Amino acid sequence: MFHSLSESLTRSLLAIAAVIIFALSFLVVADVGGRVLFNTPVKGTPEMVSMSVVIVCFLIAAHAVRSGGMIRTDVLIEVFRERGQNFAALLSGILGAAFFGLIVWGSYEPALHAWSSGEFEGEGAMRVPVWPARFVVMGGALLVAVIYVSQAIAAVRALAYPYRAERL
């Protein structure tokens with residue numbers, strides 16, 4: 001059940017990230033066009049783009065981990081036999097969960113502070129709220145940590161029951 005739920009959730013977040021990227025392309029074109037043609041850029045473009053890049057990165061991180069698209073050293077892993085590969089997957093799951101868990105832990109208070117204080121990025125006519133990016137970082141990191149934990153559990157099962165691993 002977790003497998004299908006995480007797959008649909010990560011695909012939905014990937015689609016949201018694609019829509020944001022598509023919208024950003026129009027914003028950047030409008031900004032450059034306004035700057036060149038009318039000498040008036042779209043206000044707040046740098047702030048919106050910088051916030052959106054952070055949001056997009058953490059929206060797609062769960063899909064990258066779940067699909068096996070994160071950086072790994074295939075040359076080293078393929079040297080090991082199946083048991084060594086399962087141990088490497090366990091170690092990767094533990095370290096990945098710890099790293100992204102620390103991101104969740106470190107971003108909890110700043111996200112709440114950004115929400116309660118009305119923190120904004122930018123000066124002048126266009127100010128962009130910071131809280132959406134902070135909550136997406138926290139939520140995306142939490143989802144990635146949970147996916148890493150599930151991968152570590154699968155690796156433990158594969159190590160404990162090497163002949164039943166493909167059925168688990």
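Here are the numbers:
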{"quantity": "Pick from the stretch 110-155, criterion of a type in the set (Asp, Glu) and surrounded by fewer than 17 Cβ atoms within 10 Å (Cβ to Cβ), ranking: nearest to MET48 (Cα to Cα)", "calculated": "GLU123"}
{"quantity": "Subset of the stretch 3-19 that is surrounded by 14 or more Cβ atoms within 10 Å (Cβ to Cβ) and β-branched (Val, Ile, Thr) - its residue that is nearest to THR45 (Cα to Cα)", "calculated": "ILE16"}
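For (1) polar (S, T, N, Q); (2) in a loop (DSSP other than H, G, I, E, B); (3) at pLDDT below 90, each residue gets a yes or a no:
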| site | (1), (2), (3) |
| --- | --- |
| LEU13 | no, no, no |
| PHE22 | no, no, no |
| LEU27 | no, no, no |
| VAL32 | no, no, no |
| LYS43 | no, yes, yes |
| GLU47 | no, no, yes |
| SER52 | yes, no, no |
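The values are calculated or read from the model by the stated rules, or taken from the named source; none is laboratory data. What you are looking at is a predicted structure, and each value in this text was computed from that prediction instead of being measured. FYI the Cβ positions are ideal-geometry reconstructions off the backbone, even for glycines, and counts take in every protein chain you see.
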